[in-house]
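Colleague: First the structure, then my questions, so here it is.
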Amino acid sequence: MAHGPALLGGDGAVAAGLRCAFAYRHGLELVVVLAASDEHGDDASAHAYPKPEAIGREPWCALQVTVTADGHTAEAAPFASQASGGGVCLHQECRYFIQPRPADPLLLIAVAWPQIGLTEHRTQLRLDLDCVDERTIPLLPQH
């Protein structure tokens, strides 16, 4: 594990955090969670999971995650996502894979979802990348 939990940003009843960051030989996996309640949770559900009758009226949107690593900035796209909640509460977990693995241990993550009330917040993290290759346990034989 390259980093443990960290609050990435919050505005009242909506917040995003880093659950953890896993370093692999060829990349970095970020597990980002979002919690929204009250009208923020209702708005998040409506935008991220629109009802069939709302499609076309309300634009689809989601948590925006931007990563700056080794001097390069890019919007991250999740490779997996799951959500739970009901009514006016939403908990969402998204997984992002950053490739290649950063050489610089400083990582800047920006999160925002202005449509539900989460303004942009930027957080600088210092990753534990020391001896990652030695600490990595491969599940399959290396070719």
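Colleague: For TRP113, what is the net charge nearby, where nearby means another residue's Cβ is under 10 Å from its Cβ and Lys, Arg count +1, Asp, Glu -1?
Modeller: Working: positive: none; negative: ASP11, ASP43, GLU120.
That works out to -3.
Colleague: Determine ³J(HN,Hα), in whole Hz, for all residues of the stretch 94-111 in sequence, where each value follows from phi through the Karplus function 6.51 cos²θ - 1.76 cosθ + 1.60 and θ = phi - 60°; x replaces Gly and Pro.
Modeller: Coupling constants for the stretch 94-111: 10, 10, 10, 10, 9, 9, x, 4, x, 7, 7, x, 8, 10, 10, 10, 10, 10 Hz.
Colleague: Under a Cβ-Cβ cut-off of 13 Å, what is the net charge of the residues other than PHE97 that fall near it, where Lys and Arg count +1 and Asp and Glu count -1?
Modeller: Details: positive: ARG25, ARG95, ARG101; negative: GLU29.
Every neighbour counted, the sum reads +2.
Colleague: Then there is this: Probe 1.4 Å, all protein chains in place: accessible area of CYS89 in Å², nearest 10?
Modeller: In the full protein context, CYS89 sits at about 50 Å².
Colleague: If I model a spin label as a point 7 Å beyond the Cα along the Cα-Cβ vector, how far apart are those points for GLU134 and ASP104 in nm?
Modeller: It is 2.6 nm.
Colleague: Probe of 1.4 angstrom, ligands and nucleic acids ignored: what's the accessible area per residue over the chain, in square angstrom? Please list the in-between numbers first.
Modeller: Working: 8300 Å² over 143 residues.
Per residue, the chain has 58 Å² of solvent-accessible surface.
Colleague: Just how large is the dipole of the chain about the Cα centre, in debye to the nearest 20, putting +1 at every Lys and Arg Cβ and -1 at every Asp and Glu Cβ? Walk me through the numbers on the way to the answer.
Modeller: Working: 9 positive and 17 negative charges, 61 e Å.
Charge dipole of the chain: 300 debye, to the nearest 20.
Colleague: Do the sum for the chain: with -39,500 (n - 2.57) for every DSSP H run of n ≥ 4, divided by all residues, what is the mean residue ellipticity at 222 nm, to the nearest 500 deg cm²/dmol?
Modeller: Details: 2 runs with 15 residues, N = 143.
Theoretical 222 nm ellipticity from helices: -2500 deg cm²/dmol.
The values are calculated or read from the model by the stated rules, or taken from the named source; none is laboratory data. What you are looking at is a predicted structure, and each value in this text was computed from that prediction instead of being measured. A quick note on method: Cβ atoms are made from the backbone with ideal geometry, for glycine too, and the neighbour counts reach across all protein chains shown. When the accessible area is computed, the model is the full protein with side chains, heavy atoms only, and any ligands, DNA or RNA have been set aside. Shrake-Rupley method; radii C 1.70, N 1.55, O 1.52, S 1.80 Å.
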